[in-house]
1. May I ask you to list the residues in region 42-52 that are in contact with a strand residue (DSSP E or B) (Cβ under 9 Å, 6 or more places away or on another chain), in a loop (DSSP other than H, G, I, E, B) and surrounded by 18 or more Cβ atoms within 10 Å (Cβ to Cβ)?
2. Name every residue in region 82-116 that is in a loop (DSSP other than H, G, I, E, B), more than 20 Å from the chain's Cα centre (by Cα) and either modelled with pLDDT of 95 or more or surrounded by 11 or more Cβ atoms within 10 Å (Cβ to Cβ) (or both), in order of residue number.
3. Please go through region 53-81 and pick out each residue that is closer than 17 Å to residue 28 by Cβ and either touching a residue at least 40 places away in the same chain (Cβ under 8 Å) or outside any helix (DSSP H, G or I) (or both).
């Protein structure tokens, strides 16, 4: 009987997580969000939201990826005695090359276009 109760609690908690969209299996990946047209590569070397009405996990993904990029850009800038902005500009150039056709890139600040 105790095992059945424990299983029931675990099942209920798992179901709650699924409904809230908290589970890792439900979180958007960078590629999925790009393919869905929710995010794109910005000219400043970071990613941005193409539209403001995106799921919370996509907005959190953008924040997380940008924080990781910033840390890496700072490290590269320090190692090479150049500015973080220069590293970010170079990163955008590389990201633009690696962005698949149909995904969004920033043509000018705030202006999103699909890469041909």
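1. Applying the first criterion (in contact with a strand residue (DSSP E or B) (Cβ under 9 Å, 6 or more places away or on another chain)) to region 42-52 yields 42-44, 47-51.
Next, from what is left, pick out any that are in a loop (DSSP other than H, G, I, E, B): 42-44, 50-51.
If the condition is that a residue be in contact with a strand residue (DSSP E or B) (Cβ under 9 Å, 6 or more places away or on another chain), in a loop (DSSP other than H, G, I, E, B) and surrounded by 18 or more Cβ atoms within 10 Å (Cβ to Cβ), then 42, 43, 50 are the ones that fit.
2. Hits for region 82-116 are 82, 83.
3. 53, 54, 55
The values are calculated or read from the model by the stated rules, or taken from the named source; none is laboratory data. Values in this document were obtained by computation on a predicted structure and should not be read as measured data. Glycine also receives a Cβ, built like all others from the backbone with ideal geometry; neighbour counts cover every protein chain displayed.
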